1. Show me, for region 168-185, the HN-Hα J-couplings you get by feeding each phi into the Karplus relation (A = 6.51, B = -1.76, C = 1.60, θ = phi - 60°), rounded to Hz, glycine and proline as x.
2. Roughly how many nanometres apart are two label points built 7 Å out from the Cα toward the Cβ at ARG122 and GLU24?
3. Could you tally the net charge around ALA25, taking each other residue with its Cβ under 12 Å from the Cβ of ALA25, Lys/Arg +1 and Asp/Glu -1?
4. What's the local net charge at ILE94, with K and R +1, D and E -1, over the other residues with C-beta under 12 Å away?
5. Once you wrap a convex hull around the alpha carbon atoms of region 1-75, what is its projected area averaged over all directions, in nm²?
6. On the Cα set of the chain, report Rg and Dmax in Å, please.
7. Looking only at region 67-101, which residues have a backbone nitrogen under 12 Å from a spot 7 Å from the Cα of GLU115 in the C-beta direction?
8. Would you mind calculating the gained length between GLN182 and LEU5 on full extension (0.36 nm times residue separation, minus the Cα-Cα distance), in nm to one decimal?
Amino acid sequence: EKAHLDITHYESLTDDDVRKIETEANTIAKKGIRVHKEFLPREKAEKEYGMEIYQGGAVPGKLLRIVSIANTDVEACGGTHLDSTKDVGTIRIIKTAKVKDGVVRLVFVAGKAAEDFDKQQRALVNKLAEALSCTPEQVPARAKELFENWKLKKKGKIGGVPLTTTETFKGNILNKTAEVLQTQEEHLLKTIQRFKKDVGL
């Protein structure tokens with residue numbers, strides 16, 4: 001359903017960083033590169049591939065299962081069962097978080113789970129667009145306008161002003177809207193509905 005990968009990185013990832021990582025991962029997947037799996041004695045594996053094989057963490061035992069993708073990656077791994085990178089299907093990074101200094105976690109889905117995730121994302125964007133009476137691309141700007149109206153209403157300065165902005169956004173609409181409204185993606189619809197009710201829309 002989902003998986004995560006911790007990477008060494010000393011800053012939080014930007015939306016652009018995440019897009020680049022996801023694009024590169026999908027480019028490799030679509031190439032259909034053979035995934036080679038073999039068991040090697042630890043000493044031989046280290047001599048042939050170096051300490052790079054432990055990028056996923058220390059692996060116990062004298063015999064290591066080495067998984068390699070030519071000109072791409074090699075590591076000691078017990079969990080990769082695909083025979084070709086193409087078998088993974090589409091990859092979607094659904095969340096990133098800094099788990100400690102120098103370590104960023106990528107949470108991702110692939111294959112059928114990625115297809116389901118994409119459908120859910122599209123459905124939510126459409127619900128937000130309907131709630132804000134705009135196109136999907138206008139959702140972040142409309143949400144910002146609503147949020148500003150809500151803040152003014154809380155100060156007793158305004159209320160019930162129609163939302164009119166037509167500014168569009170290219171990129172991850174849900175991520176940007178969550179950033180604008182300072183909430184989690186799963187709370188976006190309820191937050192917008194509450195703000196609309198509070199300002200009388």
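Coordinate-derived values only; no laboratory data. Since the model is a prediction, treat every value here as computed from it, not as a measurement. In this analysis, Cβ positions are derived from the backbone assuming ideal geometry, glycine residues included, and neighbour counts consider all displayed protein chains.
1. With the stated coefficients, region 168-185 comes to 10, 10, 10, x, 7, 4, 5, 4, 5, 5, 5, 5, 4, 8, 6, 8, 7, 4 Hz.
2. For ARG122 paired with GLU24, the spin-label model returns 2.8 nm.
3. Working: positive: ARG19, LYS20, LYS30, LYS31, ARG92; negative: GLU22, GLU24, ASP73.
Overall, the nearby charge balance is +2.
4. -2
5. 6.6 nm²
6. For the chain, the Cα radius of gyration and maximum Cα-Cα distance read 22.4, 73 Å.
7. Within reach of a label on GLU115, which here means backbone N under 12 Å from a point 7 Å along Cα→Cβ, region 67-101 contributes 89-90.
8. Residue separation times 0.36 nm, minus the Cα-Cα distance, leaves 61.2 nm.
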